[in-house]
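Below is one structure; the comments refer to it alone.
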Amino acid sequence: MPERAGVIDLRSDTVTRPTPGMRAAMATAEVGDDVFGEDPTVRQLEEHVAELLGKEAALFVPSGTMSNQICIKIHTQPGDELICDVNSHIYNYEAGGPAVLSGVTCRTIEGDCGIFDLSQLEGLIRPENDHLVRTRLVCLENTHNRGGGRIFPLQKIRAITEWAHRHGLFVHLDGARLWNASVATGIPLHDWARDCDSVSVCFSKGLGAPVGSALAGSKELVKRARRIRKLLGGGMRQAGVLAAAALYAIKHHWSRLAEDHEHAQILAQTVRHTPGLRLFPSVIETNILYADIDPRLGTAADLAQALRERGVLVLPVAQQRIRLVTHLDVSRAQVERAAALLEQTARYLATRAA
């Protein structure tokens, strides 16, 4: 893909644009009214995703936030409680959806870059008592956004789901970037999803589609999800145009996520060897990394602005932390250039501060 006016955009893998092949698939998609269940391309996508995830059915929705919130609403009642990592997307980036849309509180636990152990869940289920909320749901995230693209190990997921089901809890997997976890480990999607009651996957991040996510589970769950999607305003009409982009992305862009992971390692090596920068987490597994900035260089916003002036976009996410994400729209040459500019800029700021 050509650079956007010479700019290398590493803020997120959501900034990708449809490729010519994807645009052609969208232009020729067979469509119908999906609210009536008559869009053949949407049905094809839903059946394909359900098969990939090893579930009975799937539902196409506009966004990952909507898919997560639909699943929370299905698994809970107002006054219930869900358990999630303190840095999870559901807790941090979905506008208080559990509380606003489902009347559910979040009980957070401190994971290791988003990954927590079964031992951290022991004792967290509220006893039956009229004064207390009812613990009902455990939410996992794979890969973990704020955890620097960390992969939630399969053995931990299986231990947690077995524990949850034994105690009458449901498990939802926010698998927005589950595609990345599958490529990085070689483990099929259906193995990651097997023991979870519901799963969400996103098409508009690393896969490069412009819009859309899907949730998957039992036929009954998806039937209820369809009604909640309508309630939330997510019913779409001739949505096959968007579903065609997602189908194209799965077919043509999924396996190439390995390139994004390789490119992230280039950036990671640069951060490791640049004075004033510290890699977080120390081991990068997929396409997301964070860099903590020594205050002597200035703030994250200062570094981001200096890089912007040199044609590289990064995302300040805290006072002293930036995020960099590799994706479909940045080539290896562009990543290497961005890495060189990152090092040069950090050294320049350090010299100026001295």
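The values are calculated or read from the model by the stated rules, or taken from the named source; none is laboratory data. Fair warning: this is a prediction, and the values are worked out from it, not measured in the lab. Methodologically, a virtual Cβ is constructed for each residue, glycine included, from the backbone with ideal geometry; neighbour enumeration extends over all protein chains shown.
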Please count how many residues of the stretch 86-103 are without any contact (Cβ under 8 Å) to a residue 60 or more places away in the chain and out of contact with any Pro (no Cβ under 9 Å at 6 or more places or on another chain). 10
Among residues of the stretch 13-47, those that are within 17 Å of G208 (Cα to Cα) and aliphatic (A, V, I, L, M), counted: 7
Looking for whichever is in contact with a Ser or Thr (Cβ under 6 Å, 6 or more places away or on another chain), buried (at least 19 other Cβ atoms within 10 Å of the Cβ) and within 25 Å of N145 (Cα to Cα) here; the options are V86, V61. Which one fits? V61
Please go through the stretch 34-53 and pick out each residue that is buried (at least 17 other Cβ atoms within 10 Å of the Cβ) and small (G, A, S). A50
Unique residue being over 14 Å from the mean Cα position of the chain (by Cα) and assigned to a strand (DSSP E or B) when the list is L132, L137: L137
Condition first: among the acidic types (D, E) and buried (at least 22 other Cβ atoms within 10 Å of the Cβ). Now tell me which residues in the stretch 109-144 satisfy that. E141
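Residues checked against (1) closer than 13 Å to E262 by Cα; (2) of a type in the set (S, T, Y); (3) assigned by TED's automatic domain parsing to the domain that holds P295; (4) surrounded by fewer than 21 Cβ atoms within 10 Å (Cβ to Cβ):
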site	(1), (2), (3), (4)
V314	no, no, yes, no
V317	no, no, yes, yes
R323	no, no, yes, no
T326	yes, yes, yes, no
A333	yes, no, yes, yes
R337	no, no, yes, yes
L342	no, no, yes, no
